[in-house]
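Trainee: I'd like to ask some things about the structure below.
The values are calculated or read from the model by the stated rules, or taken from the named source; none is laboratory data. These figures come from a predicted structure and were not determined experimentally. As a convention, Cβ positions derive from the backbone with ideal geometry for all residues, glycine included, and neighbour counts pool all protein chains shown. Side chains are part of the model used for accessible areas, which takes the heavy atoms of the whole protein and leaves out ligands, DNA and RNA. Shrake-Rupley method; radii C 1.70, N 1.55, O 1.52, S 1.80 Å.
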Amino acid sequence: MPHITQIAVQIVNSNTKEQFSRYVAPDLPITPMAEKVTNITWSGRVLCYRGEPVDFVRIKTALVDFLEWLDKFPTVVIVAHNGRTFDFRVFCNAFRSCGLQIRFCSKVSAFCDSLILFRQKLLNLEKYKQEFLAQLFCGHTYNAHKALDYVIMLDEIMQAALLSVSDFKRHSYKTECQFLQEEFNSCKSKNITSLRPLIREKIMKSCTTENIAGSGLNLGHLRLIFKRSGEDGLVDVFSMKNSLGKPRVTSDKKVLGECNPKLCAYFSKRILLIGVFNPSLKSVCDDNILTKFSKKHFCQKVANGLSLFVSCRP
C-alpha cells in the first residue's frame, strides 16, 4: 500500500472554503517515478516540493491533527474521486496502522466515491476521470498530483455539475465497511495460499476460498474445526454473523451443502495419526498408511525412537 506524502481536505459547497493540509514524511524512500510525477523528494531529513523545502510531520501527527480539525463539524462524509479504489484504502490502512481506526470512525460517518456518483448521475459522458471533468465543467486544468489543488478542483467540479449534499449522502457507505474490506484483503493475502488445494481438488470454487481466507481462516483452522466439531462446526463458523450482520463466509444452503461434505471427506482421508513408538517393541505398520514415507524411512524413524505424525496432505 502506498505511503502518504500529502493530506488535503476542503469543505464541499462551503462559503468559508475551510481547508486542511499537511505534508507527510514517508516511512520509505520515494521512488524516482513517484518523484517525477509528484515533484516531491525526501532525503530522509528534508521534504521538498519542486526543490523547495516544505514543513512536514510524521504520519500519526498528521492524522491526529486531521481528527482534531474535524471536531468542529457535527457530521462528516469524506468525498474523493476514485476513492473506493485508492484514496479510502490508503487512508484506512494509515489510520489502522496508527491505532486510530475507532477514533476516525467516531468522527467520519461515511465515504463517497465521486467517480461512482458521476457515473450514476451523469450518464453517457465520454470519460469520468477528474482531469476530463475539470475541462468539461470548469474549462481549465489543475495539478492532479498536488493534494490541495486536487480537492479544490473536485469541489469546483461538483458545484459546476450542480451536485448536492443529498447526492453525496445517497451514494455514500459507512466507514466501517471500508475498514472491514481492508481487513478482508489483508487476511486473504495471508491465508489464500494454504487453501489452494481445495480448489485443485474441486472441493470448492475460488470465490468461496477467497471468502474463507478473507474471514481470517486458513486450511489449518478448518482442519482444527473439523477435528473438534465435525461438519456442524464448519457450518456454524461459515455462517456466523460479523459486525455488519453478514455471514462470515456464507449462509447459502446450496453452497454449504455442496462444499462441506467434500471438505469433511478431504480431512477424513488426509489426517492420519500414528502414535509414539517404543523402539524396544516391534511395530507393525499398515501399507495403506505409508503413502508418503517408504517402509525403510518409516522403520528408521521408529528405530530412532521418534514420534511420527503422518499427514497425507498435498
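Trainee: So, with +1 on the Cβ of K and R and -1 on the Cβ of D and E, and no other charges, what is the size of the charge dipole of segment 159-276 about its Cα centre, to the nearest 20 debye?
Mentor: The calculated dipole for segment 159-276 is roughly 340 debye.
Trainee: With each pseudo-label sitting 7 Å past Cα toward Cβ, what's the residue 28-residue 224 distance in nm, one decimal?
Mentor: Modelled inter-label distance: 3.0 nm.
Trainee: Right, here's the next one. Beyond 30 Å between alpha-carbons counts as too far, so tell me which of 72/174; 227/253; 36/188 fall in that bin.
Mentor: The pairs that break the limit, which is 30 Å between Cα atoms, are 36/188.
Trainee: Name the residue farthest towards the positive end of the dipole of segment 143-254 from the options 180, 209, 150, assuming +1 on Cβ of Lys and Arg, -1 on Cβ of Asp and Glu, about the Cα centre.
Mentor: Positive-most Cα among the choices belongs to 209.
Trainee: Once you place label points 7 Å from the Cα toward the Cβ at residue 76 and residue 252, how far apart are they in nm?
Mentor: Those two pseudo-labels are separated by 3.8 nm.
Trainee: Amide H to amide H under 5 Å from residue 100: which residues, 5+ apart in sequence or cross-chain, H placed 1.01 Å off N in plane?
Mentor: none
Trainee: Which residues' amide hydrogens lie under 5 Å from the amide hydrogen of residue 47, considering only partners 5 or more residues apart or on another chain, with H built in the peptide plane?
Mentor: It is 54, by chain and number.
Trainee: A further question follows. For residue 123 and residue 69, FRET efficiency with R0 = 35 Å and r from the beta-carbon atoms, rounded to 0.05?
Mentor: 0.45
Trainee: Tabulate in residue order the Karplus-calculated ³J(HN,Hα) for segment 63-79, using 6.51 cos²θ - 1.76 cosθ + 1.60 with θ = phi - 60°, rounded to whole Hz; enter x for Gly and Pro.
Mentor: 5, 5, 4, 5, 4, 5, 5, 6, 4, 6, 10, x, 10, 10, 10, 8, 10
Trainee: If you don't mind, there's one more thing I want to ask. How big is the gap, in Å, between the Cα center of segment 99-142 and the Cα center of segment 60-80?
Mentor: Result: 18 Å between the Cα centres.
Trainee: While we're here: Through the Karplus equation 6.51 cos²θ - 1.76 cosθ + 1.60, θ set to phi - 60°, convert the phi angles of segment 192-200 into ³J(HN,Hα) values in whole Hz; use x for Gly and Pro.
Mentor: Karplus values, whole Hz, x for Gly and Pro: 5, 4, 5, 8, 4, x, 5, 6, 4.
Trainee: Taking all protein chains as present, what is the carbon and sulfur share of the accessible area of segment 1-122, in % to the nearest whole number, probe 1.4 Å?
Mentor: 52 percent
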